[in-house]
Amino acid sequence: MADNVLDMATGQLGSGGIDALTKALNLPAGQGEAALCSGVAYILAGMLNRASSKTGMGYLFNLISESEALDLSKFATAISSPEKLKSITDIGEKMLEKIFSSRKKEVLEVAANNLGKEGGDLLSVSAPIVTSLMQSQAKAQKMDVSDLASFLIGQREHLQGYIPDNLLQAIDVPDFGKLGDALVTHGHAKPQEPRATAIQGPEEKRKPVSFSSWFFPLLLVLVVLYALNMCMLKGKKENSESNPSMTSQEASFMESASQPVGDSPLRKRKRKRNWAPITFPVIYVIISRAFQTIPTGNSPCG
């Protein structure tokens, strides 16, 4: 069973706070505690109704956690003058708009009819009291939005007898059993850990490597290499025709005495021509072996 917010309110204000409230709002003598319980019950009913909408509970969680809490142990001092009382009722007015939304006007009329002409001010004072109490509970128990929803649902059983039918009509609730019913039915699951897809986006499914995706590029490379090799062979043939082979005596004569034999221009040309025929086979073998490792459509990555 959840802690009773009605009892928490009367307990934390104490007799001094309740007497100060009675005096500040000009309530009938001896009716301060009953009026406080009625005001707190109206606010809790509005919260239960607001929390029943799709985004209402999150909205209330922000309202409760971000509001400036009252020091209820010094409540009598906080409303000891008309100026201080007005400061609190101004804050409460804004809270009423967030709690009752478009139904605020109807609720204030019901409060005036049921609780007297001070009913509107009573609700404006009760709203900061309720948010302060719930904020204290949320911090003490480290509540998240789902925990606070459960705590709020637990208050419904304590409101029996405090919520009149005309208030339910004002907030468009058929009967007391339906108050906060959507919150009970659908619940508010605790936030789940964020999934990797939510942070990083959906992982792209790897497609298997098809035969055409690597064969045709490889074929193109081989054709280019073959063409280059044929050009080199053609150049070699043309060079041989334009420069007939020299005899060994001519080759010896052409070599410079001051230059090492291994570095002669003639020998360099011979080495260059001898490399040309093997260029294509060597590159072909290297590329062929490299592409043997290319995965096929049965790759485990698929």
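LYS104 contributes about 30 Å² of solvent-accessible surface, heavy atoms of the protein only, 1.4 Å probe. Of the chymotrypsin sites (Phe, Trp or Tyr not before Pro) found in region 136-187, not one falls in a DSSP loop while having at most 14 other beta-carbon atoms within 10 Å. The alpha carbons of region 59-105 give a radius of gyration and a Dmax of 12.3, 33 Å, in that order.
For a modelled paramagnetic label at SER146, 7 Å from Cα along Cα-to-Cβ, the residues of region 1-33 in reach, with backbone nitrogen under 20 Å, are 1-3. Spin-label point model (7 Å from Cα, Cβ direction): what's the SER73 to SER102 distance in nm? Label-label distance for SER73 and SER102, simple model: 4.4 nm.
The values are calculated or read from the model by the stated rules, or taken from the named source; none is laboratory data. Since this is a predicted model, take the numbers as computed values, not measurements. Cβ coordinates were reconstructed from backbone atoms using ideal geometry, including for glycine residues, and neighbour counts include every protein chain displayed. Only protein heavy atoms, including side chains, enter the accessible area calculation; ligands, DNA and RNA are left aside. Shrake-Rupley method; radii C 1.70, N 1.55, O 1.52, S 1.80 Å.
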